[in-house]
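Undergrad: The structure is given below, and queries will be raised subsequently.
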Amino acid sequence: MAKISAAESQVMEAVWREGPLAADEIVAKVGEPQSWGEATVKTLINRLLKKKALASERQDGRTRYRALVTREDYVQGESQGLLDRLFGGELAPLVAH
């Protein structure tokens, strides 16, 4: 799985919580609270599509985006990355810390 940035994870959180969403719904749920414009949110959506983290599908005449990566897989990958970077992939030093 390609690395999902902190900003992209905001989009993913909205999709994980509420299922397939249209771009305007994502803008409302993510863009407005972050003070991001529509173009910024659509850029994040396009990046996630390229990373194969999101898929687009037509429903009722609208394009909706759904997650291809589960939240659990994302959290596991991020946790392992942190463990690798800070503790050489070893759990014991993390627990000791």
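The values are calculated or read from the model by the stated rules, or taken from the named source; none is laboratory data. The structure presented is a predicted model; accordingly, all values stated were derived computationally and were not measured. Positions of Cβ are backbone-derived with ideal geometry, glycine not excepted, and every protein chain shown enters the neighbour counts. These area figures cover heavy atoms from the full protein model, side chains too; ligands, DNA and RNA do not enter into them. Shrake-Rupley method; radii C 1.70, N 1.55, O 1.52, S 1.80 Å.
Undergrad: Send over a whole-number figure in Å² for the accessible area per residue of the chain, probe 1.4 Å.
TA: For the chain, the per-residue accessible area is 63 Å².
Undergrad: Sort the following peptides by mean Cβ neighbour count (other Cβ atoms within 10 Å, averaged over residues), highest first: 21-29, 2-10.
TA: Ranking the peptides 21-29, 2-10 by packing returns 21-29, 2-10.
Undergrad: Report the residue, chosen from LEU44, LEU68, LEU86, that carries the largest GNM mean-square fluctuation when the chain is represented by alpha-carbon nodes joined by springs under 10 Å.
TA: LEU86
Undergrad: Oh, and also: Which translational diffusion coefficient, to the nearest whole µm²/s, is obtained for the stretch 1-63 from the Stokes-Einstein equation, given a Kirkwood hydrodynamic radius over C-alpha pairs, 10 °C and 1.306 mPa s?
TA: Result for D is 135 µm²/s.
Undergrad: In whole percent, and with a 1.4 Å probe on the protein chains, what portion of the accessible area of the stretch 1-84 is carbon and sulfur?
TA: 47 percent
Undergrad: Straight-line reach from LYS51: which lysines have Cα under 18 Å away, leaving out those fewer than 8 places along the same chain?
TA: LYS3, LYS42
Undergrad: Quick one: putting +1 on the C-beta of Lys and Arg, -1 on the C-beta of Asp and Glu, what dipole do you get for the chain around its Cα centre, in Debye to the nearest 20?
TA: Dipole magnitude for the chain comes out near 340 debye.
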